[in-house]
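Asks: Have a look at this one.
The values are calculated or read from the model by the stated rules, or taken from the named source; none is laboratory data. Being a predicted model, the structure only gives us computed values, none of them experimental. Here Cβ is always computed from backbone atoms with ideal geometry, including for glycine, and neighbour counts include all displayed protein chains. All accessible areas refer to the heavy atoms of the entire protein, side chains included, with ligands and DNA or RNA removed. Shrake-Rupley method; radii C 1.70, N 1.55, O 1.52, S 1.80 Å.
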Amino acid sequence: MSQLIAIVGRPNVGKSTLFNRLTKSRTAIVDETAGTTRDRQYGKVDWNGKEFSIVDTGGWVVNSEDVFESEINKQVELAIEQADEILFVVDAMNGVTDLDDHVAEILRKSRKPVILVANKVDSNEWLYNVPEFYGLGLGDPYPVSAVNGYGTGDLLDEVVKKLPEADGEEEQLDDIAKFAIVGRPNAGKSSLINAFIGEERHIVTDVAGTTRDSIYTRYNKFGFDFYLVDTAGIRKKNKVNEDIEYYSVIRSIRAIEASDVCILMIDATRGIEAQDVSIFSLIQRNKKGLVVVVNKWDIAADKSQAAINHFENAIRERFAPFVDFPIIFASALTKQRIFKVLETALAVYQNRRRTVPTAQLNNVMREAIDAYPPPSNKGKFVKIKYITMLKGATVPTFIFFCNLPQWVKEPYRRYLENKIRENWDFSGTPVNVFMREK
(Lines give C-alpha, C1' and ligand atoms only; values in the text may rest on other atoms or scores of the structure.)
Protein backbone atom coordinates (compact mmCIF):
# COMPACT_ATOMS: atom_id res chain seq x y z
CA MET A 1 0.00 0.00 0.00
CA SER A 2 1.37 3.43 -0.87
CA GLN A 3 1.63 6.10 1.79
CA LEU A 4 0.57 9.72 2.15
CA ILE A 5 2.69 12.87 1.95
CA ALA A 6 1.25 16.31 2.72
CA ILE A 7 2.71 19.57 1.40
CA VAL A 8 2.25 22.42 3.91
CA GLY A 9 3.44 25.99 4.20
CA ARG A 10 2.25 29.55 3.99
CA PRO A 11 0.72 30.89 0.76
CA ASN A 12 2.84 31.72 -2.29
CA VAL A 13 5.88 29.64 -1.43
CA GLY A 14 5.38 27.36 -4.45
CA LYS A 15 3.48 24.41 -2.97
CA SER A 16 1.31 23.90 -6.04
CA THR A 17 4.30 24.24 -8.40
CA LEU A 18 6.15 21.62 -6.36
CA PHE A 19 3.06 19.38 -6.43
CA ASN A 20 2.93 19.62 -10.22
CA ARG A 21 6.64 18.92 -10.49
CA LEU A 22 6.55 15.81 -8.26
CA THR A 23 3.39 14.37 -9.84
CA LYS A 24 4.54 15.27 -13.38
CA SER A 25 1.22 16.98 -14.01
CA ARG A 26 -0.37 20.40 -14.29
CA THR A 27 -3.30 19.60 -12.02
CA ALA A 28 -2.76 22.42 -9.53
CA ILE A 29 -3.34 25.98 -10.74
CA VAL A 30 -0.25 28.15 -10.25
CA ASP A 31 -0.34 31.92 -9.83
CA GLU A 32 1.61 34.52 -7.88
CA THR A 33 -1.55 35.61 -6.07
CA ALA A 34 -1.80 34.18 -2.55
CA GLY A 35 -4.80 31.90 -2.06
CA THR A 36 -5.10 30.84 -5.69
CA THR A 37 -5.48 27.16 -4.81
CA ARG A 38 -8.98 26.74 -3.37
CA ASP A 39 -9.57 23.02 -4.06
CA ARG A 40 -7.14 20.50 -2.61
CA GLN A 41 -5.16 18.50 -5.15
CA TYR A 42 -4.28 14.83 -4.85
CA GLY A 43 -1.77 12.91 -6.92
CA LYS A 44 0.47 9.86 -7.13
CA VAL A 45 4.28 9.84 -7.22
CA ASP A 46 6.43 6.89 -8.27
CA TRP A 47 10.12 7.29 -7.46
CA ASN A 48 12.62 4.47 -7.86
CA GLY A 49 9.87 1.85 -7.52
CA LYS A 50 8.35 3.41 -4.39
CA GLU A 51 4.83 4.78 -4.85
CA PHE A 52 3.06 7.23 -2.56
CA SER A 53 0.16 9.67 -2.59
CA ILE A 54 0.73 13.39 -2.24
CA VAL A 55 -1.65 16.16 -1.16
CA ASP A 56 -1.32 19.88 -1.81
CA THR A 57 -2.81 21.67 1.21
CA GLY A 58 -2.61 25.14 -0.29
CA GLY A 59 -5.38 27.62 -0.93
CA TRP A 60 -6.42 29.04 2.41
CA VAL A 61 -8.96 31.84 2.12
CA VAL A 62 -7.69 34.91 3.90
CA ASN A 63 -9.86 37.77 5.11
CA SER A 64 -7.69 39.03 7.93
CA GLU A 65 -4.55 38.11 9.79
CA ASP A 66 -6.51 36.38 12.54
CA VAL A 67 -8.50 34.25 10.10
CA PHE A 68 -5.33 33.47 8.22
CA GLU A 69 -3.56 32.17 11.32
CA SER A 70 -6.53 30.03 12.35
CA GLU A 71 -6.68 28.51 8.86
CA ILE A 72 -2.94 27.79 8.96
CA ASN A 73 -3.44 25.99 12.28
CA LYS A 74 -6.36 23.97 10.95
CA GLN A 75 -4.69 22.80 7.75
CA VAL A 76 -1.36 21.91 9.35
CA GLU A 77 -3.01 20.01 12.21
CA LEU A 78 -5.09 17.99 9.72
CA ALA A 79 -2.01 17.26 7.63
CA ILE A 80 -0.08 16.16 10.71
CA GLU A 81 -2.91 13.91 11.86
CA GLN A 82 -3.41 12.08 8.57
CA ALA A 83 -0.09 12.10 6.70
CA ASP A 84 2.83 9.73 7.06
CA GLU A 85 5.31 12.47 6.19
CA ILE A 86 5.24 16.26 5.84
CA LEU A 87 6.96 18.45 3.23
CA PHE A 88 7.22 21.90 4.81
CA VAL A 89 7.81 24.38 1.97
CA VAL A 90 9.44 27.76 2.61
CA ASP A 91 10.57 30.57 0.28
CA ALA A 92 14.37 30.89 -0.12
CA MET A 93 13.96 34.32 -1.73
CA ASN A 94 12.06 35.87 1.19
CA GLY A 95 13.66 34.02 4.10
CA VAL A 96 11.97 33.06 7.37
CA THR A 97 8.68 34.82 8.18
CA ASP A 98 6.49 34.84 11.29
CA LEU A 99 4.06 32.44 9.61
CA ASP A 100 6.91 30.03 8.86
CA ASP A 101 7.79 30.10 12.54
CA HIS A 102 4.15 29.45 13.42
CA VAL A 103 3.91 26.35 11.19
CA ALA A 104 7.34 25.11 12.30
CA GLU A 105 6.29 25.30 15.96
CA ILE A 106 3.35 22.98 15.27
CA LEU A 107 5.50 20.58 13.24
CA ARG A 108 8.21 20.39 15.90
CA LYS A 109 5.63 19.12 18.39
CA SER A 110 4.52 16.33 16.07
CA ARG A 111 6.08 12.90 15.83
CA LYS A 112 5.79 12.80 12.06
CA PRO A 113 8.84 12.90 9.77
CA VAL A 114 9.22 16.45 8.43
CA ILE A 115 11.36 17.48 5.46
CA LEU A 116 12.11 21.19 5.17
CA VAL A 117 12.00 22.29 1.53
CA ALA A 118 13.62 25.63 0.66
CA ASN A 119 11.91 26.40 -2.64
CA LYS A 120 12.59 29.05 -5.29
CA VAL A 121 16.34 28.39 -5.47
CA ASP A 122 16.06 29.20 -9.17
CA SER A 123 19.73 30.21 -9.43
CA ASN A 124 22.90 29.69 -7.37
CA GLU A 125 22.72 33.12 -5.73
CA TRP A 126 19.69 32.04 -3.68
CA LEU A 127 21.66 29.17 -2.13
CA TYR A 128 23.23 31.67 0.26
CA ASN A 129 19.80 32.26 1.87
CA VAL A 130 19.16 28.58 2.63
CA PRO A 131 21.18 28.29 5.91
CA GLU A 132 18.78 30.80 7.50
CA PHE A 133 16.13 28.04 7.68
CA TYR A 134 18.19 25.97 10.12
CA GLY A 135 16.73 28.34 12.71
CA LEU A 136 13.33 26.65 12.29
CA GLY A 137 14.67 23.61 14.16
CA LEU A 138 13.52 21.06 11.57
CA GLY A 139 16.83 19.75 10.32
CA ASP A 140 18.59 20.28 7.03
CA PRO A 141 16.71 22.42 4.49
CA TYR A 142 16.65 20.91 1.00
CA PRO A 143 17.20 23.60 -1.65
CA VAL A 144 14.97 23.03 -4.67
CA SER A 145 13.45 24.89 -7.56
CA ALA A 146 9.97 23.64 -8.32
CA VAL A 147 10.03 25.74 -11.50
CA ASN A 148 13.08 24.19 -13.16
CA GLY A 149 13.36 20.93 -11.17
CA TYR A 150 16.66 21.70 -9.43
CA GLY A 151 17.14 19.49 -6.35
CA THR A 152 13.85 17.61 -6.66
CA GLY A 153 15.58 14.27 -7.29
CA ASP A 154 17.56 14.55 -4.04
CA LEU A 155 14.37 15.64 -2.27
CA LEU A 156 12.48 12.56 -3.49
CA ASP A 157 15.37 10.32 -2.39
CA GLU A 158 15.00 11.74 1.12
CA VAL A 159 11.19 11.43 1.01
CA VAL A 160 11.43 7.72 0.15
CA LYS A 161 14.11 7.18 2.80
CA LYS A 162 11.98 8.68 5.57
CA LEU A 163 8.70 6.96 4.68
CA PRO A 164 7.65 4.62 7.51
CA GLU A 165 7.75 0.96 6.67
CA ALA A 166 4.46 -0.97 6.54
CA ASP A 167 3.82 -3.19 9.55
CA GLY A 168 3.65 -6.29 7.37
CA GLU A 169 0.25 -7.37 8.72
CA GLU A 170 -1.60 -7.29 5.40
CA GLU A 171 -0.41 -10.63 4.03
CA GLN A 172 -2.97 -12.57 6.05
CA LEU A 173 -5.79 -10.54 4.43
CA ASP A 174 -4.82 -11.06 0.78
CA ASP A 175 -7.16 -13.97 0.05
CA ILE A 176 -10.31 -12.14 1.17
CA ALA A 177 -11.93 -9.27 -0.72
CA LYS A 178 -11.48 -5.80 0.78
CA PHE A 179 -14.20 -3.22 0.10
CA ALA A 180 -13.99 0.51 0.86
CA ILE A 181 -17.11 2.65 1.16
CA VAL A 182 -16.17 6.16 0.05
CA GLY A 183 -17.90 9.36 -0.95
CA ARG A 184 -18.42 12.96 0.01
CA PRO A 185 -19.81 13.93 3.45
CA ASN A 186 -23.46 13.09 4.07
CA ALA A 187 -23.70 10.76 1.08
CA GLY A 188 -24.70 7.90 3.41
CA LYS A 189 -21.42 6.06 4.01
CA SER A 190 -22.00 5.57 7.73
CA SER A 191 -25.61 4.55 7.13
CA LEU A 192 -24.49 1.87 4.69
CA ILE A 193 -21.85 0.56 7.09
CA ASN A 194 -24.45 0.45 9.86
CA ALA A 195 -26.89 -1.35 7.56
CA PHE A 196 -24.23 -4.00 6.93
CA ILE A 197 -22.94 -4.54 10.47
CA GLY A 198 -25.35 -2.80 12.84
CA GLU A 199 -27.60 -5.70 13.75
CA GLU A 200 -25.41 -8.71 14.53
CA ARG A 201 -22.12 -7.32 15.67
CA HIS A 202 -21.04 -10.57 17.32
CA ILE A 203 -20.08 -12.01 13.92
CA VAL A 204 -18.10 -8.92 12.91
CA THR A 205 -14.49 -8.46 14.01
CA ASP A 206 -12.01 -5.61 13.55
CA VAL A 207 -8.50 -6.35 12.33
CA ALA A 208 -5.82 -3.68 12.48
CA GLY A 209 -4.48 -2.78 9.05
CA THR A 210 -1.00 -1.98 7.86
CA THR A 211 -1.42 1.76 8.30
CA ARG A 212 -1.99 3.60 11.51
CA ASP A 213 -5.62 4.43 10.82
CA SER A 214 -6.91 1.67 8.50
CA ILE A 215 -9.28 -0.86 10.03
CA TYR A 216 -10.52 -4.06 8.39
CA THR A 217 -13.98 -5.07 9.58
CA ARG A 218 -14.65 -8.75 8.81
CA TYR A 219 -18.16 -9.42 7.48
CA ASN A 220 -19.10 -13.09 7.25
CA LYS A 221 -22.85 -13.56 7.27
CA PHE A 222 -25.59 -14.32 4.71
CA GLY A 223 -23.08 -16.15 2.56
CA PHE A 224 -20.70 -13.19 2.25
CA ASP A 225 -17.12 -13.10 3.47
CA PHE A 226 -15.09 -9.92 2.99
CA TYR A 227 -13.43 -7.03 4.81
CA LEU A 228 -14.93 -3.57 4.98
CA VAL A 229 -12.01 -1.14 4.85
CA ASP A 230 -12.62 1.73 7.21
CA THR A 231 -10.53 4.45 8.80
CA ALA A 232 -10.46 5.69 12.36
CA GLY A 233 -11.81 9.05 11.21
CA ILE A 234 -15.06 7.55 9.93
CA ARG A 235 -15.82 6.18 13.38
CA LYS A 236 -15.74 9.53 15.14
CA LYS A 237 -17.46 12.82 14.43
CA ASN A 238 -15.41 15.65 13.01
CA LYS A 239 -14.84 18.72 15.09
CA VAL A 240 -16.97 21.65 14.02
CA ASN A 241 -13.98 23.74 12.96
CA GLU A 242 -12.35 21.08 10.77
CA ASP A 243 -12.26 21.36 7.00
CA ILE A 244 -14.84 18.70 6.12
CA GLU A 245 -13.97 18.42 2.42
CA TYR A 246 -10.24 18.09 3.06
CA TYR A 247 -10.73 15.64 5.91
CA SER A 248 -13.13 13.38 4.01
CA VAL A 249 -10.93 13.05 0.94
CA ILE A 250 -7.84 12.35 3.07
CA ARG A 251 -9.79 9.50 4.68
CA SER A 252 -10.88 8.34 1.23
CA ILE A 253 -7.24 8.11 0.12
CA ARG A 254 -6.48 5.81 3.04
CA ALA A 255 -9.50 3.60 2.46
CA ILE A 256 -9.04 3.44 -1.32
CA GLU A 257 -5.40 2.41 -1.12
CA ALA A 258 -6.20 -0.38 1.35
CA SER A 259 -9.05 -1.85 -0.73
CA ASP A 260 -9.67 -4.07 -3.75
CA VAL A 261 -13.07 -2.62 -4.69
CA CYS A 262 -14.45 0.84 -3.85
CA ILE A 263 -18.15 1.43 -3.27
CA LEU A 264 -18.61 5.08 -4.25
CA MET A 265 -21.69 6.64 -2.64
CA ILE A 266 -23.53 9.40 -4.52
CA ASP A 267 -26.40 11.36 -2.96
CA ALA A 268 -29.50 11.01 -5.15
CA THR A 269 -30.91 14.26 -3.81
CA ARG A 270 -27.86 16.31 -4.84
CA GLY A 271 -26.62 14.64 -8.00
CA ILE A 272 -23.00 14.45 -9.08
CA GLU A 273 -20.72 17.09 -7.62
CA ALA A 274 -17.06 17.96 -8.05
CA GLN A 275 -16.00 16.00 -4.99
CA ASP A 276 -17.59 12.83 -6.40
CA VAL A 277 -15.43 13.24 -9.51
CA SER A 278 -12.37 13.92 -7.33
CA ILE A 279 -12.86 10.71 -5.35
CA PHE A 280 -13.55 8.79 -8.56
CA SER A 281 -10.23 10.04 -9.96
CA LEU A 282 -8.50 8.74 -6.80
CA ILE A 283 -10.05 5.32 -7.40
CA GLN A 284 -8.85 5.41 -11.02
CA ARG A 285 -5.32 6.49 -10.13
CA ASN A 286 -5.07 3.63 -7.66
CA LYS A 287 -6.46 1.13 -10.21
CA LYS A 288 -9.20 -0.14 -7.90
CA GLY A 289 -12.49 -1.82 -8.74
CA LEU A 290 -15.59 0.39 -8.69
CA VAL A 291 -19.27 0.07 -7.80
CA VAL A 292 -21.31 3.29 -7.84
CA VAL A 293 -24.24 3.40 -5.41
CA VAL A 294 -26.82 6.16 -5.83
CA ASN A 295 -28.01 6.38 -2.22
CA LYS A 296 -31.21 7.90 -0.78
CA TRP A 297 -33.23 6.65 -3.75
CA ASP A 298 -36.18 6.17 -1.39
CA ILE A 299 -36.62 9.96 -1.13
CA ALA A 300 -35.81 10.82 -4.75
CA ALA A 301 -38.44 13.06 -6.34
CA ASP A 302 -38.62 11.02 -9.54
CA LYS A 303 -38.07 7.24 -9.45
CA SER A 304 -39.16 6.43 -12.98
CA GLN A 305 -37.08 4.37 -15.39
CA ALA A 306 -36.47 7.52 -17.40
CA ALA A 307 -35.02 9.19 -14.30
CA ILE A 308 -32.79 6.17 -13.65
CA ASN A 309 -31.54 6.22 -17.25
CA HIS A 310 -30.89 9.96 -17.06
CA PHE A 311 -28.94 9.59 -13.80
CA GLU A 312 -26.89 6.68 -15.16
CA ASN A 313 -26.03 8.58 -18.33
CA ALA A 314 -25.00 11.65 -16.32
CA ILE A 315 -22.70 9.57 -14.08
CA ARG A 316 -21.00 7.81 -16.99
CA GLU A 317 -20.60 11.09 -18.85
CA ARG A 318 -18.84 12.71 -15.88
CA PHE A 319 -16.64 9.65 -15.26
CA ALA A 320 -15.72 9.03 -18.93
CA PRO A 321 -13.69 7.53 -20.54
CA PHE A 322 -14.02 4.72 -17.97
CA VAL A 323 -17.71 3.80 -18.22
CA ASP A 324 -17.80 0.02 -17.71
CA PHE A 325 -18.87 -0.10 -14.07
CA PRO A 326 -22.13 -1.08 -12.33
CA ILE A 327 -24.51 1.54 -10.91
CA ILE A 328 -27.02 0.58 -8.20
CA PHE A 329 -29.90 2.72 -6.94
CA ALA A 330 -30.33 1.94 -3.25
CA SER A 331 -31.24 3.27 0.18
CA ALA A 332 -28.99 2.57 3.15
CA LEU A 333 -31.69 3.85 5.50
CA THR A 334 -34.42 1.45 4.33
CA LYS A 335 -31.86 -1.23 3.30
CA GLN A 336 -33.26 -1.23 -0.22
CA ARG A 337 -30.89 -3.21 -2.50
CA ILE A 338 -28.00 -3.18 0.00
CA PHE A 339 -27.39 -6.90 -0.59
CA LYS A 340 -27.34 -6.18 -4.30
CA VAL A 341 -24.48 -3.79 -3.51
CA LEU A 342 -22.54 -6.58 -1.80
CA GLU A 343 -23.24 -9.09 -4.57
CA THR A 344 -22.09 -6.61 -7.20
CA ALA A 345 -18.94 -5.66 -5.27
CA LEU A 346 -18.02 -9.35 -4.97
CA ALA A 347 -18.64 -9.79 -8.72
CA VAL A 348 -16.28 -6.87 -9.48
CA TYR A 349 -13.70 -8.43 -7.15
CA GLN A 350 -13.95 -11.69 -9.11
CA ASN A 351 -13.62 -9.74 -12.37
CA ARG A 352 -10.33 -8.29 -11.12
CA ARG A 353 -9.05 -11.83 -10.60
CA ARG A 354 -10.38 -13.21 -13.89
CA THR A 355 -7.87 -14.86 -16.21
CA VAL A 356 -8.33 -15.52 -19.92
CA PRO A 357 -6.60 -18.55 -21.49
CA THR A 358 -3.93 -17.49 -23.96
CA ALA A 359 -5.30 -19.57 -26.85
CA GLN A 360 -8.81 -18.20 -26.40
CA LEU A 361 -7.47 -14.65 -26.08
CA ASN A 362 -5.49 -14.90 -29.31
CA ASN A 363 -8.37 -16.47 -31.27
CA VAL A 364 -10.86 -13.76 -30.29
CA MET A 365 -8.54 -10.75 -30.47
CA ARG A 366 -6.96 -11.79 -33.77
CA GLU A 367 -10.41 -11.47 -35.37
CA ALA A 368 -10.87 -8.01 -33.88
CA ILE A 369 -7.40 -6.92 -35.04
CA ASP A 370 -7.95 -8.30 -38.57
CA ALA A 371 -11.29 -6.49 -38.78
CA TYR A 372 -9.70 -3.19 -37.75
CA PRO A 373 -5.88 -3.22 -37.90
CA PRO A 374 -3.75 -0.46 -36.35
CA PRO A 375 -3.46 2.64 -38.57
CA SER A 376 -0.28 2.88 -40.65
CA ASN A 377 2.34 5.51 -39.91
CA LYS A 378 4.66 6.94 -42.59
CA GLY A 379 3.99 3.95 -44.80
CA LYS A 380 4.86 1.48 -42.04
CA PHE A 381 2.31 -1.03 -40.78
CA VAL A 382 2.00 -2.28 -37.20
CA LYS A 383 1.66 -6.05 -37.05
CA ILE A 384 0.39 -7.52 -33.79
CA LYS A 385 1.72 -11.06 -33.60
CA TYR A 386 0.83 -12.41 -30.15
CA ILE A 387 -1.35 -11.54 -27.14
CA THR A 388 -1.04 -12.77 -23.57
CA MET A 389 -2.47 -11.90 -20.17
CA LEU A 390 0.02 -11.08 -17.43
CA LYS A 391 -0.26 -13.48 -14.51
CA GLY A 392 -0.20 -12.27 -10.92
CA ALA A 393 -1.05 -8.63 -11.73
CA THR A 394 -3.37 -6.79 -9.34
CA VAL A 395 -5.25 -5.35 -12.34
CA PRO A 396 -6.15 -7.38 -15.47
CA THR A 397 -3.20 -6.67 -17.76
CA PHE A 398 -2.90 -7.64 -21.42
CA ILE A 399 0.34 -7.56 -23.41
CA PHE A 400 0.18 -7.17 -27.21
CA PHE A 401 3.47 -8.05 -28.89
CA CYS A 402 4.08 -6.24 -32.18
CA ASN A 403 6.83 -4.91 -34.43
CA LEU A 404 6.30 -1.16 -33.83
CA PRO A 405 4.75 -0.65 -30.36
CA GLN A 406 5.64 3.05 -30.24
CA TRP A 407 3.25 3.78 -33.12
CA VAL A 408 0.16 2.30 -31.45
CA LYS A 409 -1.69 5.33 -30.11
CA GLU A 410 -4.24 5.67 -27.30
CA PRO A 411 -7.38 5.45 -29.53
CA TYR A 412 -6.35 2.02 -30.80
CA ARG A 413 -5.45 0.82 -27.30
CA ARG A 414 -8.93 1.89 -26.25
CA TYR A 415 -10.39 -0.08 -29.16
CA LEU A 416 -8.52 -3.20 -27.99
CA GLU A 417 -9.72 -2.67 -24.43
CA ASN A 418 -13.32 -2.31 -25.59
CA LYS A 419 -13.05 -5.55 -27.56
CA ILE A 420 -11.67 -7.31 -24.47
CA ARG A 421 -14.60 -6.01 -22.41
CA GLU A 422 -17.09 -7.09 -25.10
CA ASN A 423 -15.89 -10.69 -24.95
CA TRP A 424 -15.08 -11.12 -21.25
CA ASP A 425 -16.68 -9.67 -18.14
CA PHE A 426 -14.32 -7.09 -16.65
CA SER A 427 -17.10 -4.76 -15.50
CA GLY A 428 -16.06 -2.46 -12.67
CA THR A 429 -12.33 -3.05 -12.92
CA PRO A 430 -9.65 -1.14 -14.85
CA VAL A 431 -7.89 -3.01 -17.65
CA ASN A 432 -4.29 -2.35 -18.66
CA VAL A 433 -3.32 -2.71 -22.32
CA PHE A 434 0.42 -2.60 -23.09
CA MET A 435 2.21 -2.83 -26.43
CA ARG A 436 5.59 -4.56 -26.40
CA GLU A 437 8.12 -5.21 -29.14
CA LYS A 438 8.33 -8.79 -30.33
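Asks: If I model a spin label at ASP370 and ARG108 as a point 7 Å from the Cα along the Cα→Cβ vector, what separation in nanometres do I get?
Replies: Here the answer is 7.5 nm between the modelled labels.
Asks: Keeping all protein chains in the complex and leaving out DNA, RNA and ligands, what accessible area do you get for SER278 with a 1.4 Å probe, in Å² to the nearest 10?
Replies: Looks like 30 Å² after rounding.
Asks: Taking the Cα centroid of region 326-345 and of region 109-148, what is the distance between the two, rounded to the nearest whole Å?
Replies: Spelled out, the Cα-based centre of one part sits 50 Å from the other.
Asks: Ok, one more. So, taking all protein chains as they sit and a 1.4 Å probe, how much accessible area belongs to ASP225, in Å² rounded to tens?
Replies: 70 Å²
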